[in-house]
Structures are given as structure tokens and as C-alpha cells.
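Working notes for the structure below.
None of the figures in this text is laboratory data; all of them are computed from the coordinates on show. Since the model is a prediction, treat every value here as computed from it, not as a measurement. We place every Cβ from the backbone using ideal geometry, glycine too, and count neighbours over all the protein chains shown.
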Amino acid sequence: MEGKVKVHGELVSFSTPGELWSTDLTHEVEKIVKNSGITEGIVVVSVIGSTGAVGTIEFESGLQKDIATLMEELIPSKRHWRHNDTWGDANGHSHLRATLLGPSVTIPVSKGKPVLGTWQQIFFIEFDIRPRNRKVFVQVMGI
Amino acid sequence: MEGKVKVHGELVSFSTPGELWSTDLTHEVEKIVKNSGITEGIVVVSVIGSTGAVGTIEFESGLQKDIATLMEELIPSKRHWRHNDTWGDANGHSHLRATLLGPSVTIPVSKGKPVLGTWQQIFFIEFDIRPRNRKVFVQVMGI
Amino acid sequence: MEGKVKVHGELVSFSTPGELWSTDLTHEVEKIVKNSGITEGIVVVSVIGSTGAVGTIEFESGLQKDIATLMEELIPSKRHWRHNDTWGDANGHSHLRATLLGPSVTIPVSKGKPVLGTWQQIFFIEFDIRPRNRKVFVQVMGI
């Protein structure tokens, strides 16, 4: 297919209670894709900030706990991270976790919807150690 | 360059023997880029499902074994993951590995080809614990 | 918004001193977005090669050291990796680190700039064990 390109961006805002809280953004992203009028293209879901991350996961309560457990094991919060010397803010591990999981995820859009599996949700996870007001930018592009 | 945008999507289907098997998708992706007629743009390679992942790697047999070893060390299969209580399906580690490596990879397209190094291949890795029929959506967009 | 699509790609070249050196690419990426004339769309920053990676981070000296420490802990350089048998080049860990962090990052572009937080920079990290001449392809697409 070819034609004029459409670009449609929306900012999703929410507040978080702090460390290792996560939320399912799939319905929000699907709504924004619908708002765009785009049927074939891509959607980029991207965190503004360096201590939160997005990805895909089967969003159920067991895995929500497991990903928290895993992150604490791989990148312990109790370790002395050098970042903490720079700012004295004790969230070095938050930054490292966010960088490892990644700030953005790109998903194809087809027939007016993000192409995902039934058990595959787009999620945001808070890695910072305090409550935050978060902004996630959702950019849809296509025809 | 500017002009009409083209969007071209193809579904790549294959079956896998199960856990930690991987396959090189580069030629398939190059063929789909060629089919699209797009010379400048991007290609998004995205797994449908939450227990497989894609990325780039030098696809040779040593690293295929190494990535399996690494995943078992970072996210052990023998651990009790809470996901397993939810469904009783023993693949909590599969989900976590897939989320960590990521469901999609986006590569620039230039001169009609994905922009990759000589030793850099696009690969899929199966993290589920049983044979699966897999679908990877390849979306090419550009001019 | 809709119209003709623009695609603008530039290659960023630099040399690195070797393992675990990192650099902030944000200004370079912002300049390329500006050169493109694109105000709404996306930018893909993608490493050509399999032993370097890109992502976003708060680019300050503490975290630069922390990410090096973390990578050495998660994927030790002293381990026997099977890749090293294939080529005898002792950089199996470099490949695994690059695959885990990922070869590319996609960021929305809005109002002519990549959508990033104040403390969120786009960075490249060298994982190879020797000095390298690196090429990072930056593809901007939109209107």
C-alpha cells in the first residue's frame, strides 16, 4: 500500500506509587492507534525519563511479582552504585534497570491494531524509588 | 528524499522444537524488504507472543550455545517463579527471558537493504518450554 | 497530520578506545533530526556491528562506571564462552552484552526534536575488547 503518510502522537500521563509498580498500557495504545485513523504502519511507545521502562509481557500478577524479583536479583538496590555519589539520590539501580529493559518498544500496526499476541501486553514499569508523574509518548505512523 | 509512503507487512511462520532453539531471520527479512520495493526507511521485526524474542547477534554455533547458557544463569528455569502458580505451566522463566531480550527490533533500511554489519544477523530465539508454531510480523515502511 | 513522507539517513562515525567506553550521541541525533527537516515522526539509532550497543541513560560519570560494573557482573569477561572457540578472539562476552542491551533504539520525534527527558540521553557503548571504528546509522522518518 502507498499514499500520504499520517503521523499521530499522544502523551499518556499517569502517576505511580514508586519502585517496581507496573501497569498495562495496551488498551491506551490501541485507543491511540484507533484515534490516528492509521490502519497499516507502526506504533512507538516511549518513556520520557531515565528511570522507567516499557516492554511486552503477559500482564498477570505472578509475572508482575517475578519481574520485580528478577530485577532485584540482577541489579540489587542495596549495592553501592557510583551514580549515588553523583547526586546522593540512591537510585543508581533504577537507572540501570531502566536502561537494561529499554525506554521504548516498537510494534507493527495492521488492520488498525497493534500486532500482538493474546497473552502479550504492552506494559510500563516504574523503577524509581519514589512516586512519579510519568509521561509516555505514543507515536503512530503509517497510512 | 520525500514522496508517497509505502507500508509492506509479511508474516513469517515457522515451527520450533522448544526451549533455547534459535534461527537466523536475516535472509527472510532481506527478501521481505526487497518485496516491499522500499529503498529508504525502516523494518520492524516483531514476535507475536510473549515467550519468544528477537534481536541481532553474530549467528554462529558458539554464540547460540552461549546465549542459552547466559539465559539459564541470569533467569534460571529451576527457580520457583510466581507465574507458574497462575497457570501451572512452568514457563515463568520463558516469559522473563523474552521480556528482557525484547519482542521487536527496528533496523534502518537503505539502498533497499536492512543496514547491518557483516557479522550481525537478525535472529529469533524460542524461550518456551515446548515446541511452538511461531509468527513473526515484519513491517517495512518508507519510500 | 498527513502529507508526503520524508526519510533522512546519516551515518555517524567515531573511533573508540575499546571495552566499556561510552559516548553521548544526543546532540548528534538532534542535529540529524534538524537536518532532516522532519518535525513529526520517529528516529532510529542503530549500530552497524555486533559488539556495540545503544540505549538511553542519564549520561553522567557515575552511571558510566556502574553500567560497566553491571555488565562485568552479569556477563563476565573471564568466563569461557563458546564463541571464543569459534574464532579464538576472546570477545564472546562482548557479543552477549551487545545482544542483551540491543543494537538500536527508536525515539519519537515531535516539534522537530527527539522526545526525551532532561536527564535522558541516547548513548553508544563499546563492548568489544579492542579499539574500533564505529558506524551508527541514524534514520529519521516523518513529515
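Quick notes on this structure:
- In the protein assembly as shown, the convex hull through the Cα atoms has an average projected area of 18.1 nm², a quarter of its surface area.
- Using Cβ point charges alone (K and R +1, D and E -1), the dipole size of chain A about the Cα centre works out to roughly 340 debye.
- 7 Å along Cα→Cβ, label-point gaps from residue A:35 to other copies, nm, shortest first: 3.4, 3.4
- Residue mean of other protein chain beta carbons inside 10 Å, C:120-126: 2
- For peptide C:133-142, the mean count of partner chain Cβ atoms within 10 Å of a residue's Cβ comes to 4.
- Under-25-angstrom lysine pairs by C-alpha in the range A:1-133, whenever the two are 8 or more apart or on separate chains: 13
- Options C:108, C:124, C:17, ranked by Cα towards positive dipole end of the range C:6-142, top entry (Cβ charges): C:108
- Packing rank of A:30-38, A:43-51, where each peptide gets the mean count of other beta carbons within 10 Å, highest leading: A:43-51, A:30-38
- Evaluated at q = 0.11, 0.20 Å⁻¹, a Debye calculation over the C-alpha positions of chain B (equal weights, vacuum) places log10 I(q)/I(0) at -0.44, -1.14.
- The ranking of B:137, A:14 by Cβ neighbour count inside 10 Å, starting from the fewest, reads A:14, B:137.
- Placing a label point 7 Å from the Cα of residue A:39 along the Cα-to-Cβ direction, the residues of the range A:93-132 whose backbone N falls under 13 Å of that point are A:110-113.
- Across identical copies of the chain, residue C:2 has label-point separations of 1.7, 1.7 nm, listed in ascending order, with the point defined 7 angstrom from Cα along Cα→Cβ.
- Where chain C is carried onto chain A by rotation, the Cβ closest to that axis, with its residue and distance in Å, is C:5, 2.
- Average beta carbon contacts from partner chains per residue of C:33-40, 10 Å cutoff: 1
- Position residue A:111, label points 7 Å along Cα→Cβ, spacing to each other copy in nm (shortest first, one decimal): 3.8, 3.8
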